[in-house]
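Since every read-out is calculated from the coordinates, none of them should be taken as a lab result. Here the structure is a predicted model, which means the values were calculated and not measured. Cβ coordinates were reconstructed from backbone atoms using ideal geometry, including for glycine residues, and neighbour counts include every protein chain displayed.
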Amino acid sequence: MSTVPPSHERQPLVDALRGFALLGILVVNIASFSSPFYGLGLSDPMAQSAVERAALFARSLLFETKFYLLFSFLFGYSFTLQMQSAERDGRPFTPRMLRRLAGLWVLGLLHAVVLYHGDILTTYAVIGGVLLLLRRRGDGVMAFWAVSLVLLTSLLWASLGYLMTRTGFDADTLSLHAEAFAALDAYRGTPATVIAQHVRELAQVWVVLAFAQAPTALAMFLAGFIAGRRGLLANAGAHRTLFKRLFFCGLLIGVPGAMFYALSTTRSGDGGREVVGLALGLLTAPFLTAAYASGLVLLFQTPRGRALVAWLAPAGRMALSNYLLQSLVCAWIFLAYGLRLMGSVGPLASFGFAFSIFAVQLLLSRWWMKRFAYGPVEWLLRAFTLLEWPSCAAK
């Protein structure tokens, strides 16, 4: 007898993991809001003390390159649940998913231009189309492409780092500092200058999106799809041995890679070493992500863990709304839409902001999901996907 629950039942572990992923994504994204130096390979003037440098290192070690992978894995997993939903409703899946992806792309574009240039939704919409094309492939083919995407992406960046080291490439730090301060002026200026700066930066970040984030996210889409097709999280208790192995193996490989990545990217001045560190980080981040997810799944099987699920799952059920709300709040705190605190907050304080925002989101999500079936943005996206107004009453 199958251990997978009926497709109409929600899988709380999926929602709880998605809620946890929201925290990690916020910790990383808030760095872009709080400092114009983030991602430029320059020393942050607000991270000069030992405590601030420790917070910077912790963010690189524990959060960067890991949580968007977890979110991507869960996107692939949920893809299978949406396929089941379409089958249950007796509707063609492809046009339904294409509308959903189109809606995500529009939301992502608006998000990128107005609130946050590092938006992930547009990328998800595009590579979601790739998953749609590959959905009938066997697990072996999908696993091959997932592994290949990670290996090839890491090799690409490692080769670039090697060439930079051999040629003695040095970044133009004067130009980079000028770029950072120009961005700071724009982000502290007016809403119009914020939008203009976002548009300028979108023309630059596509390289990282296309050659680092998108292929690794697609790899995790494929891994999540395989797990969803096998109902891995539907009856997690039956797979405890697998999750234990993933946890320990993930730590064994992921922690050293994350350590190298953090050491190389938090010390400015050597662009080649930073790129090599990124390459190793991209290669090993899926293992640490697997350790995070597996450790949480094991924890969720305990009484205390079930209490944690009760808090995280509502946030995960309305993850899209919460993701956009995070950017809205951060834009108000740090940009010209509100308090203009960009450049005056160090890494430690940004951690405090992130955890405080997330704590409030947990409370709001729990309150909202007791009253409504969907988050507000999820409801709009579902209406566009189904071409009908879904009931918003709590189920």
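The figures follow:
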| read-out | value |
| --- | --- |
| Charge dipole magnitude, Cβ of K and R +1, D and E -1 - the chain, Cα centre, debye nearest 20 | 1500 |
| For region 202-256, alpha-carbon Rg and Dmax in angstrom | 15.5, 47 |
| Most to least packed among 60-68, 138-146 [average Cβ atoms within 10 Å] | 60-68, 138-146 |
| Degrees separating the helix 214-229 axis from the principal Cα axis of the chain, which is the longest one | 20 |
| Ranked by how many other beta carbons lie within 10 Å on average, peptides 94-107, 237-250 from highest | 94-107, 237-250 |
| With Cα atoms, 0 to 90° folded angle of helix 271-300 axis to the chain main axis | 30 |
| Relative contact order, percent, region 88-230 [alpha-carbon distance under 8 Å, six or more residues apart] | 36 |
| Space enclosed by the convex hull of the alpha-carbon atoms of region 1-156, per residue, Å³ | 155 |
| Virtual spin-label span in nm between Ala58 and Ala210, 7 Å along Cα→Cβ | 3.8 |
| For region 267-365, size of Cβ-based charge dipole, Lys and Arg +1, Asp and Glu -1, in debye | 220 |
| Angstrom value of the Kirkwood radius, inverse mean 1/r, which spans all Cα pairs in the chain | 21.7 |
| Cα long-axis angle, helix 139-166 against the chain (0 to 90 degrees, to the nearest 10) | 0 |
| Whole-angstrom gap from region 257-295 to region 55-70, using each part's C-alpha centre | 9 |
| Per-peptide average of other Cβ atoms within 10 Å, ordering 23-29, 186-192 highest first | 23-29, 186-192 |
| Region 258-358, relative contact order [Cα under 8 Å, separation at least 6], % | 12 |
| Residue-averaged [θ]222 nm for the chain, counting only DSSP H segments that reach four residues, each worth -39500 (n - 2.57) | -25500 deg cm²/dmol |
